[in-house]
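To keep things clear, I will list the structure first and then write my remarks on it.
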Amino acid sequence: MIVVLKPDAAEAEKQELTAAFESRGLRVDRSEGERQTVLGLVGDPAAIDAELIASLPFVESVRRVSEPFRLCGRGLHPESAVVEVGGVKLGGGHFAMIAGPCSVESEEQIVSIARAVKAAGADILRGGAFKPRTSPYDFPGLGEKGLALLKLARAETGLPIVSEIMSATQLPLFEDVDLLQVGARSMQNYDLLRALGRTDKPVLLKRGLAATLRELLLAAEYVMAGGNARVILCERGIRSFSEFTRSTLDLSAVPELHELTQLPVIVDPSHAVGRRRLVPPMALAAAACGADGLMIEVHNEPFKALSDGAQALRCEEYAALAAKVRAVREAAKP
Ligand code: PEP
Ligand code: MN
């Protein structure tokens, strides 16, 4: 149930109503907008007399929520959420560039890429340490050592870091990682989502390979239902019948998600297209359609990359693209 209060509702009235709901076993999520306060009731609202609440002088309206997105739906949180990652903001007008290799491979590799993307204005460094590979015989990542090297690159450049977590049991290893990525293959790993919900870590939730937007939002809802509202969504391409690209980048998901949810939405064109040449045009299109950030794979020597070399931009290609992204964002300003 959603209770919208009148703009002139007093703080004491808000608190009294909140306490009344809580005494009936409901959790109250309060959202303060510029004009209104919205109380979202989580739990069984059967104990509440909606008409009685609606009759209170400081209540504007009461709505029963039939949609399942209680926590990540715009209905309850009309203001866009801003998620902060190591001092970098995403959402609500804040745009961030995430760049780095698919996998962390060596100190020399990650530090030189980190320096290059930082010089090109990147905000956050990416690098996989635990890799969900389609074949069990492919490079699985350096694991803990990879995370240590990523932290080293952070120390060298000051860039916050993001890396993929594959299971809840890995959580202690990620304590000092700034942003925890849930990969496309793990989007419906509900144990992992619940475990992340119990942390206060920002979560980058990638859309599953064949996930609908509803399924993506419900996955975000899992994290948020545990009490962690710091979720960033990522469109990274979905399975279709395209022959020449790895996936099909569903750019319409960006404005659609912005309508459905307050959460920031970023785009990963690299995994969507799978080919270097197609990354820049799709990155620019994503910037133009309102994405809150981009995640792009970059490698100092793509031909030697241990994973996803074909889609990695060279450092200088990334720098050129980053400058164009800034220009597109400028041109697309409302
Ligand atoms: C990645 O970002 O390294 C990755 C594996 O992406 P996805 O989960 O989108 O395939
Ligand atoms: Mn990759």
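So the values come out like this:
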quantity: Calculated from backbone phi, Karplus (6.51, -1.76, 1.60) coupling profile of the stretch 11-27 in Hz, x at Gly/Pro; calculated: 4, 4, 5, 4, 5, 5, 5, 4, 4, 5, 5, 5, 5, 9, x, 9, 8
quantity: Amide H contacts of Arg74 (H built 1.01 Å from N, under 5 Å, at least 5 apart or other chain); calculated: Thr261, Gln262
quantity: Options Phe130, Val104, Gly91, ranked by Cα towards positive dipole end of the stretch 90-164, top entry (Cβ charges); calculated: Gly91
quantity: Degrees separating the helix 279-288 axis from the principal Cα axis of the chain, which is the longest one; calculated: 20
quantity: Residues with amide H under 5 Å from that of Phe58, placed H, sequence gap 5 or more; calculated: none
quantity: Relative contact order %, the chain, counting alpha carbon pairs below 8 Å whose residues are six or more apart; calculated: 15
quantity: Cα-based helix-to-principal-axis angle, 213-225 vs the chain, degrees rounded to 10; calculated: 70
quantity: Computed helical MRE - 222 nm, the chain, DSSP H runs ≥ 4 contributing -39500 (n - 2.57), nearest 500; calculated: -9500 deg cm²/dmol
quantity: Within a Gaussian network of the chain (alpha carbon springs, distance under 10 Å), most fluctuating of Pro68, Pro172, Pro269; calculated: Pro172
quantity: Solvent-accessible area, 1.4 Å probe, carbon plus sulfur percent, for the stretch 152-294; calculated: 54
quantity: Mean separation of Cα contacts under 8 Å (6+ apart) over length of the stretch 45-121, as relative contact order %; calculated: 13
quantity: Whole-Hz couplings from phi, Karplus 6.51/-1.76/1.60, listed for the stretch 42-47; x for Gly and Pro; calculated: 10, x, 8, x, 4, 6
quantity: Packing-based order for 308-316, 48-56, 32-40, using average beta carbon neighbours within 10 Å, highest first; calculated: 308-316, 32-40, 48-56
quantity: When each of Lys151/Lys206; Lys206/Lys333; Lys131/Lys151; Lys206/Lys304 is checked by Cα-Cα distance, pairs over 24 Å; calculated: Lys206/Lys333; Lys206/Lys304
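The values are calculated or read from the model by the stated rules, or taken from the named source; none is laboratory data. It should be emphasised that the depicted structure is a prediction, and the values quoted were computed from it without experimental measurement. Counting neighbours? That spans all protein chains shown, and the Cβs are built from the backbone with ideal geometry, glycine included. Areas reflect the complete protein model, heavy atoms only, side chains present, ligands, DNA and RNA absent. Shrake-Rupley method; radii C 1.70, N 1.55, O 1.52, S 1.80 Å.
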